[in-house]
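Accompanying notes for the structure given below.
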Amino acid sequence: LGELTGHDAEVIPNWVHGSLQAAVERLDVEGVKRQPCTLFYSGNLGVKQGLPDFLPLFLMHAEGWSLRVHGGGPEAESMRSAHEANPRFQLRPLLDEPEYVRALRTAAVCLITQRSGSGQSFLPSKLLPALATGTPVLAVCDADSPLGREVSANGFGVVVRPGDEAALGRVLRAWKDDPGALDGFRARAAERARAFSRDQVLSR
């Protein structure tokens with residue numbers, strides 16, 4: 001921003017809003033368990049997300065894994081018609097907030113996808129609930145995008161380039177063979193969530 005405006009600028013991050021954080025805390029008290037080898041995606045199903053391109057690659061390497069998608073948009077019907085018979089894929093409507101938090105809190109990994117070149121100017125808001133629930137992130141995006149840099153710099157997930165079938169297969173196999181490897185990602189996600197806490201951000 002400073003380069004654009006010629007003035008010093010401070011960037012204030014987005015934050016996790018209060019009702020979502022309260023839902024997270026209720027589930028923490030309940031001690032909800034993670035479901036192994038489950039990917040969860042929630043949000044818009046449009047062109048820039050690139051989920052239709054990701055899905056066939058995932059299904060090629062999905063042995064032991066399942067993908068649960070909750071969302072809607074222009075690509076939803078084509079995804080449903082192409083893959084509805086595959087037991088490793090579910091496409092459902094968006095969830096209300098408590099159920100959304102529960103789905104994140106029980107998933108092994110949160111999936112966030114961005115088509116190459118589409119995510120250069122923003123950090124997706126769906127990242128913050130994943131961090132708040134301590135959920136590791138599989139980021140299918142450009143490594144130099146804001147999402148890619150955030151995941152790599154803070155170590156709460158793995159970045160895979162869109163279309164990189166071999167890398168995706170390696171990650172899914174590694175996490176399936178050693179699910180305990182996700183524990184470190186969960187701890188770092190919870191730690192990074194503090195940077196987006198409502199109290200801390202609004203006080204700044």
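Placing a label point 7 Å from the Cα of residue 190 along the Cα-to-Cβ line, the residues of segment 135-171 whose backbone N sits under 17 Å from it are 135-137, 155-157.
For residue 180, the shell of other residues with beta-carbons less than 14 Å away shows a net charge of 0, using +1 for Lys and Arg and -1 for Asp and Glu.
Take 124-134, 16-26 and order them by the average number of nearby Cβ atoms within 10 Å per residue, most first; the result is 124-134, 16-26. Taking the Cα centre of the chain as origin and assigning +1 to Lys and Arg Cβ atoms and -1 to Asp and Glu Cβ atoms, the resulting dipole is close to 400 debye. Descending by average beta-carbon neighbour count within 10 Å, the peptides 160-171, 104-115 line up as 104-115, 160-171, the highest first.
Rounded to the nearest 20 Debye, what is the dipole magnitude of segment 50-132 about its Cα centre when Lys and Arg each give +1 and Asp and Glu each give -1 at the C-beta? Working shown, then result.
Numbers: 8 positive and 8 negative charges, 35 e Å.
Dipole magnitude for segment 50-132 comes out near 160 debye.
The H on the amide N of residue 43, modeled in the peptide plane, is under 5 Å from the matching H of 70, 71, 72, each at least 5 residues off or on a different chain. Shown is the FRET efficiency for residue 170 and residue 94, computed with R0 = 25 Å from the Cβ-Cβ distance and rounded to the nearest 0.05: 0.20. Read through the labelled values (i) 17.8, 57; (ii) 16.2, 48; (iii) 16.9, 55 and report the label of the one computed as Rg and Dmax of the Cα atoms in Å from the structure. Recomputing Rg and Dmax of the Cα atoms in Å here picks out (iii). Once you sort the root eigenvalues of the Cα gyration tensor of segment 76-178 as a ≥ b ≥ c, which label holds: rounded (a/c under 1.5), prolate (a/b larger than b/c) or oblate (the other case)? Verdict is rounded for segment 76-178. Each of 108, 141, 123 was scored by the projection of its Cα onto the charge dipole of segment 49-164, and the greatest displacement toward the positive side belongs to 108; charges sit on the C-beta of Lys, Arg, Asp and Glu.
Net charge dipole, segment 153-204: roughly 220 debye, given to the nearest 20, about the Cα centre with Cβ charges of +1 for Lys and Arg and -1 for Asp and Glu. Here the extension length gained between residue 53 and residue 143 equals 30.7 nm, from 0.36 nm per residue of separation less the Cα-Cα distance. When the charge dipole of the chain is built from unit charges on Cβ atoms (+1 for Lys and Arg, -1 for Asp and Glu) and taken about the Cα centre, the candidate among 152, 24, 56 whose Cα reaches farthest toward its positive end is 24. From Cα pairs below 8 angstrom and at least 6 apart in sequence, can you work out the relative contact order of segment 55-204, rounded to a whole percent? After rounding, I find 21 percent.
The numbers here are math on the coordinates, done by the rules we state, and not lab data. Because the structure is a prediction, the values reported are computed rather than measured. All Cβ positions, even for glycine, are placed from backbone atoms using ideal geometry, and neighbour counts span all protein chains on display.
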